[in-house]
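The values are calculated or read from the model by the stated rules, or taken from the named source; none is laboratory data. Source: prediction; values computed, not measured. Using ideal geometry, Cβ is built from the backbone for each residue, glycine included, and neighbour counts are taken over all protein chains shown.
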Amino acid sequence: MADIVLKNIYKRFDDFTAVKDLNLEIRDKEFLVLLGPSGCGKTTTLRMISGLELPSEGKILLDNEDVTFKRASRRDIAFVFQLFALYPHLTVYNNIAFPLKTQGVEKSKIDQEVKKIAKLLQIDHILNKKPKQLAGGDLQRVALGRGLVRKPKAMLLDEPIGTLDAKFREEMRTELKGLHIDSGSTTVYVTHDQVEAMDMGDRIAVMNHSVLQQVGEPHEVYSNPKNLFVAKFIGSPGMNFLETEAENSGGKLSLKYKGDGTKIELPDFLADKLNNHKELTGVTWGIRPEDVSIVSEGTANSVRGNVFIVENMGNHKIIDVKLQDGTMVRVRELPKTELNIGDNVSITFDMKMVRLFNTESGDSIMFQE
Ligand SMILES: Nc1ncnc2c1ncn2[C@@H]1O[C@H](COP(=O)(O)OP(=O)(O)OP(=O)(O)O)[C@@H](O)[C@H]1O
Ligand SMILES: [Mg+2]
């Protein structure tokens, strides 16, 4: 199997840089999700790993071998695209057999491998059909079958289930994970859906504007985001943000919420972090919905607001609290919480879970590798 190393990779199209100084190590047998918004450079990165696109600068190693300028067909990497690229005139069987035929594999061996992979993907009953007779989920399974049949060192999947409906997507997510575990192929999976990324990835690499922002296990990117972009992109409902500024009275640091001037006293560990960043003018206070509590008005260290919306999600409620300056804070509460629209409330924060960001640069001042 394979590990894939990308070293200082750049990809330029004329004067536009689609991938900028990318350094990433994808571990042997790992399921790595490349996550980011449209246009951030995910497909371009995948195409470079596969060899369909050459980097403008940098190196790509596959199993310690420099493959930067090696042709796609010689890399032993399978690539499944978002749009199923099946041959319409061939049966499912022949579509899956195709990569083995081009490699000159013996007929009986091809038959054995096609049947094995078809069984694994539960498409052994449709081997004689043509693509146009199949529904989306089966088409995608066939495309996967064609990718997997030659037991590639690595699998690259570009939004492979993006076009399927919600229920199918969920099924396919589970199937793909199972398949990855069974086949042991190092897998790079592209999506712009953070829920999919959190669900599937051993690790997630978050990209934005051609730049890799952070790589980590799902819980790491969720609870320890490196910057505001990652904090905003991961999680649903997303992290809440309050704009504050540091105040120093008598040597003791606190943060003033700019919206209404409320002073938030800081525990020592947060004050220490701030003390290391005396240059800061604005501090963005980040806190996830599950780490905010609704308390009665006047509670120490709380910020006032009123209930704007109550969403009943079954096993919990999401309460949108509108602060005095109009900032909305989403709070996750137990289903039994009784609150009505318009109620005056205050919110407090689990200080251990507060994340502070440099408002200007967007960088977390609490991030540790
Ligand atoms: N062959 C090309 N020539 C010029 N620009 C390109 C080319 N391929 C990609 N780009 C540009 O590079 C940027 C990144 O494209 P890419 O397809 O990698 O994004 P993506 O993250 O896969 O987005 P999406 O989620 O929409 O698929 C885009 O702005 C795109 O227009
Ligand atoms: Mg893409």
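Table: residues versus (1) crowded, with 23+ Cβ neighbours inside 10 Å; (2) assigned to a helix (DSSP H, G or I); (3) within 16 Å of ligand 2 (Cβ to nearest atom); (4) at pLDDT 85 or above.
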| site | (1), (2), (3), (4) |
| --- | --- |
| Leu144 | yes, yes, no, no |
| Pro152 | no, no, no, no |
| Leu157 | yes, no, yes, yes |
| Thr163 | no, no, yes, no |
| Phe168 | no, yes, no, no |
| Leu179 | no, yes, no, no |
| Met207 | yes, no, yes, yes |
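So which residues in the range 209-229 are within 24 Å of Lys177 (Cα to Cα) and either part of a helix (DSSP H, G or I) or among the β-branched types (Val, Ile, Thr) (or both)?
Within the range 209-229, Val215, Pro218, His219, Glu220, Val221, Tyr222, Ser223 meet the criteria.
For the range 299-327: of the residues being in contact with a Gly (Cβ under 9 Å, 6 or more places away or on another chain) and hydrophobic (A, V, I, L, M, F, W, C), which is nearest to Leu255 (Cα to Cα)?
Here the residue is Val303.
Can you tell me how many residues within the range 181-194 are in a helix (DSSP H, G or I) and either polar (S, T, N, Q) or in contact (Cβ under 8 Å) with a residue 60 or more places away in the chain (or both)?
Residues in the range 181-194 being in a helix (DSSP H, G or I) and either polar (S, T, N, Q) or in contact (Cβ under 8 Å) with a residue 60 or more places away in the chain (or both): 3 in total.
In the range 338-369, which residues are in a strand (DSSP E or B), in contact with a strand residue (DSSP E or B) (Cβ under 6 Å, 6 or more places away or on another chain) and of a type outside the set (D, E, K, R)?
Result: Asn344, Val345, Ser346, Ile347, Thr348, Phe349, Leu356, Phe357, Ser364.
Among residues belonging to the range 2-41 that are within 16 Å of ligand 2 (Cβ to nearest atom) and part of a loop (DSSP other than H, G, I, E, B), point out the one that is surrounded by the most Cβ atoms within 10 Å (Cβ to Cβ).
Gly36
Residues in the range 204-245 that are touching a Leu at 6+ places or on another chain (Cβ under 6 Å) and not assigned by TED's automatic domain parsing to the domain that holds Leu32: how many?
Of the residues in the range 204-245, 1 are touching a Leu at 6+ places or on another chain (Cβ under 6 Å) and not assigned by TED's automatic domain parsing to the domain that holds Leu32.
I'd like to check something: does the range 259-274 contain any residue that is farther than 30 Å from Ile26 by Cβ, at pLDDT 95 or above, outside any helix (DSSP H, G or I) and acidic (Asp, Glu)?
Taking every residue of the range 259-274 in turn, none turns out to be farther than 30 Å from Ile26 by Cβ, at pLDDT 95 or above, outside any helix (DSSP H, G or I) and acidic (Asp, Glu).
Please go through the range 55-96 and pick out each residue that is part of a strand (DSSP E or B) and either buried (at least 17 other Cβ atoms within 10 Å of the Cβ) or among the aromatic types (Phe, Trp, Tyr) (or both).
If the condition is that a residue be part of a strand (DSSP E or B) and either buried (at least 17 other Cβ atoms within 10 Å of the Cβ) or among the aromatic types (Phe, Trp, Tyr) (or both), then Gly58, Ile60, Leu62, Ile77, Ala78, Phe79, Val80 are the ones that fit.
Out of Ala197, Ala246, Ala271, I need the residue that is within 16 Å of ligand 2 (Cβ to nearest atom), touching a residue at least 12 places away in the same chain (Cβ under 8 Å) and touching a Ser or Thr at 6+ places or on another chain (Cβ under 9 Å). Which one?
Ala197
Can you spot a residue in the range 42-50 that is surrounded by fewer than 17 Cβ atoms within 10 Å (Cβ to Cβ) and in contact (Cβ under 8 Å) with a residue 40 or more places away in the chain?
no
Hey, does the range 108-130 have a residue that's of a type in the set (Asp, Glu) and either within 16 Å of ligand 1 (Cβ to nearest atom) or within 29 Å of Asp3 (Cβ to Cβ) (or both)?
Taking the range 108-130 and keeping what is of a type in the set (Asp, Glu), we get 111, 113, 124.
Adding the requirement that they be either within 16 Å of ligand 1 (Cβ to nearest atom) or within 29 Å of Asp3 (Cβ to Cβ) (or both) leaves 113.
Within the range 108-130 (the criterion being of a type in the set (Asp, Glu) and either within 16 Å of ligand 1 (Cβ to nearest atom) or within 29 Å of Asp3 (Cβ to Cβ) (or both)), the answer is yes, since at least one residue qualifies.
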